[in-house]
Amino acid sequence: MKLARFLVFVLVLTMFSLELRGQEEIPWSSNFRLQWKDFKGEIPMGAGAAATTASGISYNFSSNYEKGQMVVDYKVQSFFYPTKSWYRPQICNDVTLLHEQLHFDISEVFARKMAKEMSETKFTKAIKQEVRAIYKRTLEELDKFQRRYDQETDFSRNIEQQKLWQKQISEVLKEKNDY
């Protein structure tokens, strides 16, 4: 069952934002907390997980030269995708919902990390490839981090680890509030 949950999670996480364009999306906000009514997707056949949060990062940018310098205007955001997220009401509880919220929060942490890297990068004329490389690397790191979160919390069943992760992510979001 853990393997099936893991595989479903990896599948959802690796969806690129292009596949999700046109889907309902909720941008991350410190004032917004997920509720079970936000999980509108259908449970996939053979899925073993209790719930799945489809969240991700998207970006857009524009660039031009001013006085010989590359000037980049960009926006990096994290989103929750309700129609790709689902849960099993008979086995989910408030702890499970907090676990799923943290998946969304972790996406926001990595959106901010990408924004920080964008702000510190001296781009060249190959800006499209450079931004794509930052995005790809960010998604890979996000995937590893999300998997570690699920493993260490045993998908929310290890309550003490779940509390530690919640505290750590909350602190990171408070620290990195300026991106």
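The values are calculated or read from the model by the stated rules, or taken from the named source; none is laboratory data. What you see is a predicted model, and the numbers here were worked out from it, not measured in a lab. Backbone-built Cβ (ideal geometry, glycine too); neighbour counts: all protein chains shown. Just so you know, the surface numbers come from the protein's heavy atoms only, side chains and all, with ligands and any DNA or RNA stripped out. Shrake-Rupley method; radii C 1.70, N 1.55, O 1.52, S 1.80 Å.
Ligands, DNA and RNA left out, the 1.4 Å accessible surface of the range 58-179 is 48% carbon and sulfur atoms. Per-residue Karplus couplings for the range 36-53, computed as 6.51 cos²θ - 1.76 cosθ + 1.60 with θ equal to phi - 60°, are listed in order as 4, 5, 6, 8, 9, x, 8, 5, x, 4, x, 5, x, 6, 7, 7, 9, 9 Hz, Gly and Pro entered as x.
Principal semi-axes of the equivalent ellipsoid, √(5λ) from the alpha carbon gyration tensor of the range 57-116, are 37, 11, 4 Å from largest down.
Looking at the range 20-179, the accessible area is 57 square angstrom per residue; that uses a 1.4 Å probe and ignores ligands, DNA and RNA.
If you take semi-axes √(5λ) of the Cα gyration tensor in Å from the coordinates, which of [x] 31, 17, 14; [y] 26, 21, 14; [z] 36, 26, 12 do you get? Checked against the structure: label [x]. Seen from Glu141, the other residues with C-beta closer than 12 Å to its C-beta sum to a net charge of +3, counting Lys and Arg as +1 and Asp and Glu as -1. For the cross-link pairs Lys75/Lys174; Lys67/Lys128; Lys40/Lys116; Lys37/Lys128; Lys84/Lys122, the ones whose C-alpha atoms lie over 26 Å apart are Lys40/Lys116; Lys37/Lys128; Lys84/Lys122.
Per-residue extension of 0.36 nm, minus the Cα-Cα distance of Asn158 and Tyr65, leaves a gain of 28.3 nm for this segment. Calculated mean residue ellipticity, 222 nm, the chain: -16500 deg cm²/dmol, from DSSP H runs (n ≥ 4) at -39500 (n - 2.57) each, averaged per residue and rounded to 500. Using a cutoff of 8 angstrom between alpha carbon atoms and counting only pairs six or more residues apart, the relative contact order for the range 32-179 works out to 24 percent. A crude spin-label estimate for the pair Glu141 and Asn93, with each label 7 Å from Cα along the Cβ direction, gives 3.6 nm. Coupling constants for the range 95-104 follow from the phi torsions by the Karplus curve (6.51 cos²θ - 1.76 cosθ + 1.60, θ = phi - 60°), and in residue order they are 5, 4, 5, 4, 4, 5, 4, 5, 4, 5 Hz; glycine and proline get x. Here the range 25-80 and the range 107-160 have alpha carbon centers that stand 12 Å from each other.
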